[in-house]
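Visitor: This is the structure, below, for whatever I ask next.
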Amino acid sequence: MKKTIVLLPGDGIGPEVTRAAAAILRESAQEFNHQFEFEEFPIGGAAIDAAGTPLPNETLDGCRKADAVFLGAVGGPKWDALPVGKRPERGLLDLRKGLGLYVNVRPVKLLEPLRGISPLKADRLGDLDLEIVRELAGGMYFGEHGHTTEEGVERAWDSGMYFGEHGHTTEKGVERAWDTESYSTPEIERIASFAYARAENRSRRLCSVDKANVLTSSQLWRRTVTAMSAVYPAVKLEHIYVDNAAMQLTLRPAQFDVILSSNMFGDILSDAAAALVGSIGLIPSASFGSSAPLFEPIHGSAPSLAGTDSANPIGSILSATMMLRDAFGLSLEADWVEQSLQRVLSGGYRTPDIAEPGARAVGGSVFTEILREEMQRTFEHAERYGWGV
Ligand code: NAD
Ligand code: IPM
Ligand code: MN
């Protein structure tokens, strides 16, 4: 199989975790005789420094031509003083928008050897294995932004952070800023169809998150998702208010299977869900839409870890296996990486964020190297491991 993969390392720990993902993809190509061609482009703060903009045209064009895109992370203190529309994070939002990505899947699955590092007691944790299907192209993230000065309104840009009307005014010395949540029926339908289909292929339970007791946009969300259940009679639909969802995730996460949410609620709930398995460094994601799919760990650039080789590469590596499976249909290759990863963890190797006393604590690059060696062993002992036979 021949594929072009664009790498967008970004900032902070982004380049380190991207290297890990690329190493695993290269290894897969080599062992299974695929031709993966890698191209690298700047995004985020690195792109601001190099080209004066967080998403240069060449980067977006390169991604549009690719079969799949991998992103590390963007952002960092160096660029924190920039206005919202000019920050590194804007590059990621523009990339999602530019690739037409409206679906973001974030699987949160307990890795059995890591059961002990969950902050939850074992009986509450259960067999945690859920997927957050987050709407990615609408809601509060993207909309009209602006700010007013004393002379009047000055529109900074039209389609701002997390689509919705945003603004900032100063009236008689009182400042005001706003962001608007807004969804249309088609926007809700396209993300809900994806979530229903996902639920059909899992345990046929779908839980839609909203704040329909307060927000009109959530009432439309709930009505639309409910109406669609006639098309998916096999899926048991439930609705939950987002505040209760946060609590239930913490109290009894195993009750959830597929969780459907808006852009903003999904962002928040996915970090909360990540904590349940012990580290945000473990969670991958895949985004789909009208152009090349994008794969990225859900964590950020973790500025305090950058350059210390202590970032956990697992979320990044699992994003690469999602690319193999969901973008290229290479399930065997993905299984190979994931089963090898389970054995590395069973062998006690841990990056610092998930290291318990007595663990074999190693840096991210050593961890990746140990995984590559284990992938080789998996091949040599394929029969004994019952793998690929
Ligand atoms: P963060 O995810 O970078 O870090 C949150 C916490 O998790 C920190 O304690 C960090 O050390 C830890 N952590 C994150 N990734 C880890 C990993 N792989 N291994 C071990 N520990 C890890 O979130 P933040 O601190 O809120 O944001 C930092 C910067 O990243 C900000 O500029 C933010 O805007 C940006 N950000 C970018 C993305 C993205 O590019 N997709 C996502 C979230 C935040
Ligand atoms: C994420 C991040 C991004 C988001 C930011 C960096 C724009 O937090 O991918 O979870 O809010 O979507
Ligand atoms: Mn986030």
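The values are calculated or read from the model by the stated rules, or taken from the named source; none is laboratory data. Values in this document were obtained by computation on a predicted structure and should not be read as measured data. All Cβ positions, even for glycine, are placed from backbone atoms using ideal geometry, and neighbour counts span all protein chains on display. Side chains are part of the model used for accessible areas, which takes the heavy atoms of the whole protein and leaves out ligands, DNA and RNA. Shrake-Rupley method; radii C 1.70, N 1.55, O 1.52, S 1.80 Å.
Visitor: Is there a residue in the range 251-265 that is surrounded by 15 or more Cβ atoms within 10 Å (Cβ to Cβ), at pLDDT 95 or above and charged (D, E, K, R)?
Guide: Checking the range 251-265: at least one residue is surrounded by 15 or more Cβ atoms within 10 Å (Cβ to Cβ), at pLDDT 95 or above and charged (D, E, K, R).
Visitor: Only residues in the range 182-194 that are in a helix (DSSP H, G or I) count as the first member; pair them with residues that are open to solvent by 50 Å² or more (accessible area, probe 1.4 Å), Cβ under 7 angstrom, at least 6 apart or cross-chain, and list the lot.
Guide: Arg190/Tyr102; Ile191/Tyr102
Visitor: Follow-up. Of the conditions (1) under 18 Å from the mean Cα position of the chain (by Cα); (2) open to solvent by less than 40 Å² (accessible area, probe 1.4 Å); (3) away from ligand 1 (no atom under 13 Å from the Cβ), Gly347 fails just one. Which one is it?
Guide: (1)
Visitor: Here's another thing I want to ask about it. Working carefully through the options Ala46, Ala137, Ala73, find the one that is within 16 Å of ligand 2 (Cβ to nearest atom), open to solvent by 20 Å² or more (accessible area, probe 1.4 Å) and within 30 Å of Lys2 (Cα to Cα).
Guide: Being within 16 Å of ligand 2 (Cβ to nearest atom), open to solvent by 20 Å² or more (accessible area, probe 1.4 Å) and within 30 Å of Lys2 (Cα to Cα) holds for just one of Ala46, Ala137, Ala73, which is Ala46.
Visitor: Identify all residues within the range 97-130 that are open to solvent by less than 50 Å² (accessible area, probe 1.4 Å), within 15 Å of ligand 2 (Cβ to nearest atom) and over 15 Å from Asp267 (Cβ atoms); write none if there are none.
Guide: Looking only at the range 97-130, we keep the residues that are open to solvent by less than 50 Å² (accessible area, probe 1.4 Å), and these are 98-101, 103-108, 110-111, 113-114, 117-118, 120, 125-126, 128, 130.
From what is left, the residues that are within 15 Å of ligand 2 (Cβ to nearest atom) are 98-99, 101, 103-108.
Those that are open to solvent by less than 50 Å² (accessible area, probe 1.4 Å), within 15 Å of ligand 2 (Cβ to nearest atom) and over 15 Å from Asp267 (Cβ atoms): Gly98, Leu99, Pro107.
Visitor: Go through the range 281-324 and count every residue that is within 12 Å of ligand 2 (Cβ to nearest atom) and among the β-branched types (Val, Ile, Thr).
Guide: Adding up the residues that qualify gives 2.
Visitor: Which members of the range 299-324 meet the condition of being of a type in the set (A, V, I, L, M) and surrounded by fewer than 24 Cβ atoms within 10 Å (Cβ to Cβ)? Steps first, please.
Guide: Within the range 299-324, the first condition is being of a type in the set (A, V, I, L, M), and the residues that meet it are 302, 305-306, 311, 314, 317-318, 320, 322-324.
Answer for the range 299-324, where residues must be of a type in the set (A, V, I, L, M) and surrounded by fewer than 24 Cβ atoms within 10 Å (Cβ to Cβ): Ala302, Leu305, Ala306, Met322.
Visitor: Still on this structure, please answer the following. I need the strands (runs of 3 or more DSSP E) fully contained in the range 1-103, keeping only those with at least 1 residues that are within 16 Å of ligand 3 (Cβ to nearest atom). Break it down stepwise before answering.
Guide: On the way: elements: 2-10, 35-40, 68-73.
Of the strands (runs of 3 or more DSSP E) lying wholly inside the range 1-103, those with at least 1 residues that are within 16 Å of ligand 3 (Cβ to nearest atom) span 2-10, 68-73.
Visitor: Could you tell me which numbered condition Asp94 fails, if it satisfies all but one of (1) in contact with a Lys or Arg (Cβ under 9 Å, 6 or more places away or on another chain); (2) farther than 19 Å from Ala320 by Cα; (3) open to solvent by less than 60 Å² (accessible area, probe 1.4 Å)?
Guide: (1)
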